[in-house]
Number of protein chains: 2
Amino acid sequence: MMMRTIDWHADGVRMIDQRLLPNRFETPVYHDYRDVARAITDMVVRGAPAIGAAAAFGLALAGRQSQANDRAQLMRDLEEAAAVLRQARPTAVNLSWALDRLMRVAIRADLETADDVRAALMAEAQQLADEDVALNRRMGFNGAALVEDGDTILHHCNTGALAAVDWGTALGVVFAAHEQGKRVHVLVDETRPRLQGARLTAWELKQRGISFDLIADNAAGHFMRTGQVRLCLVGADRIAANGDVANKIGTYTLGVVARENGVPFYSVAPTSTVDLSLAHGDLIPIEERNPNEVLNLQFEGERVAPEGITARNPAFDVTPHRYVTAIVTENGIVRPPFLKNLARAVNGSLTAESR
Amino acid sequence: MMMRTIDWHADGVRMIDQRLLPNRFETPVYHDYRDVARAITDMVVRGAPAIGAAAAFGLALAGRQSQANDRAQLMRDLEEAAAVLRQARPTAVNLSWALDRLMRVAIRADLETADDVRAALMAEAQQLADEDVALNRRMGFNGAALVEDGDTILHHCNTGALAAVDWGTALGVVFAAHEQGKRVHVLVDETRPRLQGARLTAWELKQRGISFDLIADNAAGHFMRTGQVRLCLVGADRIAANGDVANKIGTYTLGVVARENGVPFYSVAPTSTVDLSLAHGDLIPIEERNPNEVLNLQFEGERVAPEGITARNPAFDVTPHRYVTAIVTENGIVRPPFLKNLARAVNGSLTAESR
């Protein structure tokens, strides 16, 4: 990447506008936290780790916007802003995780003035973003141990540098394997309806010179059944305590077909994506987005679907843990039983044998 | 339908140009069998039964085009034309089935002159088309026994009137259930890459006033896992002797996920789609179409995928028979063991208990 997906720049939150890729590269800067929330909702920025960093910078921005002279008033303003940011999208838990982390800073006893809090929030957002890059890289190289020279990898949605502050999650594993000199080929699900695979993953792989073919999502099963896929790599938007994975719509289907064909199926996500408060995946809220994402498709300049019809548009699905071979985190590769080993990974106490 | 998908009109083969739907309704007439073959390749007409009828009319047209004065020369011209038509698309067996049926007429001993053969071929093509309509209707009402009032039905690709001469196969079951007064709701897979669901199935259901929602193919699994689908209905392009079903890409994945969730999975196809000469589905040739069908997608007026990348585009996949609950034919509902019962259905001797 030429720059981070999200960072602090010119007194505002700067994002790569992912809705315009691969056709245009634009980097708007937002100076109001409400615009940051809207940018998350509208998918200017998307991808669980990137959403987390965006929320963190958004809350730090809200602190600067606040006119408060005392900590109590600033706290009220921050709580209002956090509520707005928290509602921007429901499924990715990184958003709440990042806001909670910054709110813990806001109440730190060692900070004296409102300006001390403002400065600490900005420092924390920056540190969260820097850590994201570092832990994504570590996670990528953890996962690269699962990739062999010559592998064909099926990949869903976008989980690359654009889905994080930099580097990425599942696609970060591909980048790490590529850096290790392993020759890999990626089958890139185009990922309807938002087409993050066709738009973003194809763009990132092309930039890095990694071999790939774009495929319709419908073709993934055929390639697995006919022995043309060695492993599946996907990201995650939220992982329940038992290892159930909420991720981009279509992931569940891939998981089922992968297991049916003996193809290892890995979810790659930082521990900030793990929500130990939820016992299983059906407790994860699934966002339904605007039906126009399905309806407004064009081909050769013309609308595809008839006018005046309706659509359903769930943006995520839940892959029960029995379809998940392992979950790759920055703290190591987590294998079943997930209930025990995920908690260890989150606490940083994953032992060698559970990896 | 206002008219048949394919018929003989104004001394030529007339087709609804399905590439233009739902935006424009045009009905080109072809006066050269080579143009009919090209129309099949280019998907002006598609759907296994419709392709069969198109090939039949195409061969009858070739007979009229031939300058031959004697039967031997006409036969050579017909064989040349049949070879061209047979290569138009590889997967649907109805194409070969229709051509073989007309070629058997061409060699009938009771025909004396070349013109007798020409007339007999035209009559046979017309009869094949008329039979297609009648048997599709019968098949639809056979299948409607599987549909209950209030059912939500998942449907892939287009298998309606546009996929046949009229009425249709899997969607014909929906039409029959609707005519019986059963309230049904259809989840319509958009069916990338050619989007036959979004273009054609949505158009047909809207015309008939049947309740439906368009969905991205990726969402089908989510709706099945969350108990929102009562049964799946798909067509077939070729069915092997053991019941393996070659059908539009994405069908295999649906079959696997349906079985995983206990959702009945039915393939609806006339017996002309059954190829008893093939022991299993992996012997069925799978067409790979132009990668531009995947690459050239647009959204809001702009190309989605980066320029200069590659794609894979298998047009069909094979669903092994273990995922198929039953195959609905014009001769009844065929249940496992398919090897025995499909042969009986083709011969018209399906017994009540094997239904």
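The values are calculated or read from the model by the stated rules, or taken from the named source; none is laboratory data. Values in this document were obtained by computation on a predicted structure and should not be read as measured data. All Cβ positions, even for glycine, are placed from backbone atoms using ideal geometry, and neighbour counts span all protein chains on display. Accessible surface is based on the protein model in full, side chains and every heavy atom, while ligands, DNA and RNA are left aside. Shrake-Rupley method; radii C 1.70, N 1.55, O 1.52, S 1.80 Å.
Data overview
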quantity	calculated
Pairwise label distance in nanometres, B:Val29 with A:Leu339, each label 7 Å out on the Cα-Cβ vector	7.3 nm
Residues along segment A:212-253 losing 50 Å² or more of accessible surface when the other protein chains are present rather than the chain by itself (probe 1.4 Å)	A:Asp213, A:Leu214, A:Asn218, A:His222, A:Arg225, A:Tyr252, A:Thr253
Of A:Asn158, A:Asn290, A:Asn331, the one that fluctuates the most in a GNM where chain A has Cα springs shorter than 10 Å	A:Asn290
Protein heavy-atom accessible area occluded, B/A pair - total, 1.4 Å probe, Å²	5400 Å²
Over chain B - Rg/Rh using Cα atoms and the Kirkwood inverse-distance radius	0.97
Cα gyration tensor category, rounded, prolate or oblate, for segment A:162-302 with a/c compared to 1.5	rounded
Paramagnetic reach from A:Thr113 (point 7 Å along Cα→Cβ, amide N under 20 Å) across segment A:59-86	A:60-78
Cut-off under 5 Å, modelled amide H: who pairs with B:Phe212 long-range	B:Val186
Label 7 Å beyond Cα on the Cβ vector: B:Arg335 copy-to-copy distances, nm	4.3
Residue mean of other protein chain beta carbons inside 10 Å, A:325-331	0
Check: segment B:21-108 dipole with +1 on Lys, Arg Cβ and -1 on Asp, Glu Cβ, in debye	220 debye
Average other protein chain Cβ within 10 Å of Cβ, residues B:287-300	4
Mean ellipticity per residue at 222 nm, deg cm²/dmol - from DSSP H runs of n ≥ 4 across chain A, formula -39500 (n - 2.57)	-12000 deg cm²/dmol
Karplus 3J(HN,Hα) series, Hz, for segment B:41-51 with 6.51 cos²θ - 1.76 cosθ + 1.60 (x for Gly, Pro)	4, 7, 6, 4, 10, 8, x, 3, x, 5, 5
Percent carbon-and-sulfur accessible area, the protein assembly as shown, ignoring ligands, DNA and RNA, probe 1.4 Å	47 percent
Antiparallel bridges, percent of DSSP beta bridges restricted to segment A:69-223 (to nearest 5)	0 percent
10 Å Cβ neighbours from other chains, averaged over peptide B:254-266	3
Segment B:145-159 - phi-based ³J(HN,Hα) in whole Hz, Karplus 6.51/-1.76/1.60, Gly and Pro as x	5, 8, 9, 10, 3, x, 5, 9, 10, 8, 10, 10, 6, 10, 9
The protein assembly as shown - share of DSSP beta bridges that are antiparallel (%, nearest 5)	50 percent
Sequence ranges A:70-79, A:274-283, ranked by mean other-Cβ count within 10 angstrom, highest first	A:274-283, A:70-79
Residues whose placed amide H lies under 5 Å from that of A:Val147, excluding near-sequence neighbours	none
Listed peptides B:299-312, A:111-124, A:332-345 by packing density, highest first (mean Cβ within 10 Å)	A:332-345, A:111-124, B:299-312
Residue-by-residue Karplus 3J(HN,Hα) for segment A:237-244, coefficients 6.51, -1.76, 1.60, Hz, glycine and proline x	9, 6, 10, 6, 4, 8, x, 5
Amide hydrogen neighbours beyond the local backbone of A:His9, cut-off 5 Å, H modeled	A:Arg14
In the protein assembly as shown, lysine pairs closer than 29 Å at Cα, eight or more apart or cross-chain	9
Average accessible surface area per residue within the protein assembly as shown, 1.4 Å rolling probe, Å²	34 Å²
